[in-house]
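Enquirer: First the structure, which I've put down as structure tokens, then a few questions once you've had a look.
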Amino acid sequence: MRIDILTLFPEMFSALTESIIGRAREKKLIEINVINIRDFSTDKHQKCDDEPYGGGAGMLMTPQPIYDAIKSVKKESSKIFFMSPKGNVFNQIKAKEMSKLDHIIILCGHYEGIDNRILEIFKPEELSIGDYVLTGGEIPAMAIVDCVARLVDGVITKASLDEESFSSGLLEYPQYTRPFDFIGYKVPDVLISGNHKEIAKWRKEMALDITKNARPDLLGEENE
Ligand SMILES: C[S@@+](CC[C@H](N)C(=O)[O-])C[C@H]1O[C@@H](n2cnc3c(N)ncnc32)[C@H](O)[C@@H]1O
């Protein structure tokens, strides 16, 4: 999978060189290119923002540099996503769907957002990471790329993905590691019993319990 991220702030993406995503890139399981929209500006000062028509606070990203940046990477098979608080809220189901794509282009807005003609021309899918407003699409893009990349075949073992929160519609059960006794807090006995059937049963019960308490909506139930 190839992911092209279009941004005015490419330095922010150094986080995507670390840990599991960094290793997946080294192994060429995913290719992530961070492209500076400013490099495409035809303005003599490489200006990429201007005041909104009709007045109002703040600045908007101008269409020309974004248009040319998209054109430089877009292929027939590309799917374009625009980071936007107005989009559908991203979730694990969307991440799985995106992990099957061949080429993803992610456009990050900044300031007050982007000139709407970019949306009219390219019709990207708008994705939000929650009902709140951030200064730019860079952090949402990083969250989405991190989540999608770990679902790409070979990046993480299937067993790890199968048991984690949301994969089966439930939140994950509690987990423990060494030491058995930490300042008087002990690991539940069932986990050291060696009885795999009982361990699986306990984990299922705990996952159900946690989901019921923390996110009853995942079980189709209302919050009390
Ligand atoms: C300050 S926001 C613009 C908000 C816009 N004026 C509005 O009221 O909807 C600047 C950029 O940050 C990104 N952004 C902010 N919040 C976001 C969110 N919750 N999810 C995804 N992107 C977001 C978008 O790319 C947006 O264009």
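Enquirer: Using just the helices of the chain, give the 222 nm mean residue ellipticity in deg cm²/dmol: DSSP H runs with n ≥ 4 each add -39,500 (n - 2.57), and the total is spread over all residues, rounded to 500. Before the final figure, lay out the partial values.
Expert: On the way: 7 runs with 69 residues, N = 224.
It comes out at -9000 deg cm²/dmol, rounded to the nearest 500.
Enquirer: Treat the count of other C-beta atoms within 10 Å as a stand-in for reagent exposure and order VAL89, VAL152 from fewest to most.
Expert: Values: VAL89 11, VAL152 18.
In increasing order of surrounding Cβ atoms, one gets VAL89, VAL152.
Enquirer: Something else now. Using DSSP to call loops (not H, G, I, E or B), can you name the GluC sites (Glu not before Pro) in the stretch 90-123 whose Cβ has at most 14 other Cβ atoms within 10 angstrom?
Expert: GLU112
Enquirer: Another one. When Rg is the radius of gyration of the Cα atoms in the stretch 1-85 and Rh is its Kirkwood radius, what does Rg/Rh come to?
Expert: The Rg/Rh ratio comes out at 1.04.
Enquirer: Work from the charge dipole of the chain (Cβ charges, +1 for Lys and Arg, -1 for Asp and Glu, about the Cα centre) and give the residue of ALA143, ILE21, LEU208 farthest towards its positive end.
Expert: ILE21
Enquirer: Within 10 Å of each residue's Cβ, count the other Cβ atoms and sort LEU170, LEU29 from fewest upward.
Expert: LEU29, LEU170
Enquirer: Moving to a separate point now. For the stretch 36-121, what does the alpha-carbon gyration tensor say about shape, rounded, prolate or oblate, given a ≥ b ≥ c as the root eigenvalues, a/c under 1.5 as rounded, and a/b over b/c as prolate?
Expert: In terms of gyration-tensor shape, oblate.
Enquirer: Now, a different point. Identify which of TYR53, TYR176, TYR132 has the largest mean-square fluctuation in a Gaussian network model of the chain, with springs joining Cα atoms closer than 10 Å.
Expert: So, out of TYR53, TYR176, TYR132, the one fluctuating most is TYR176.
Enquirer: Does the chain come out rounded, prolate or oblate by the C-alpha gyration tensor, with a ≥ b ≥ c the root eigenvalues, rounded set by a/c under 1.5 and, if not, prolate when a/b is larger than b/c and oblate if not?
Expert: prolate
Enquirer: Also, quick follow-up: Work out, step by step, the length gained on full extension between ILE192 and THR157: first 0.36 nm times the residue separation, then minus their alpha carbon distance; give nm to one decimal.
Expert: 10.2 nm
Enquirer: Nothing charged except the Cβ atoms of Lys and Arg (+1) and of Asp and Glu (-1): what's the magnitude of the dipole of the chain about its Cα centre? Round to the nearest 20 debye.
Expert: The calculated dipole for the chain is roughly 800 debye.
Enquirer: Alpha carbon centre of the stretch 79-135 versus the stretch 156-224: separation in Å?
Expert: What the calculation gives is 32 Å, centre to centre.
Enquirer: Find how much the distance from SER78 to ASP43 grows on full extension, using 0.36 nm per residue of separation minus their present alpha carbon separation; answer in nm with one decimal.
Expert: Numbers: separation 35, 0.36 × 35 = 12.60 nm, distance 2.75 nm.
Full-extension gain reported as 9.8 nm.
Enquirer: Hey, fewest Cβ within 10 Å first, where do MET206, MET61 land in order?
Expert: Exposure proxy ranking, most exposed first: MET206, MET61.
Enquirer: Shifting gears a bit: Springs between alpha-carbon pairs under 10 angstrom, Gaussian network model over the chain: which of ASN91, ASN36, ASN195 fluctuates most?
Expert: Comparing ASN91, ASN36, ASN195 in a Gaussian network model of the chain, the most mobile one is ASN195.
Values in this text are rule-based calculations from the coordinates and carry no lab data. No experiment lies behind these values; they were computed from the predicted model shown. Positions of Cβ are generated from backbone atoms using ideal geometry, with glycine treated the same way; all protein chains shown enter the neighbour counts.
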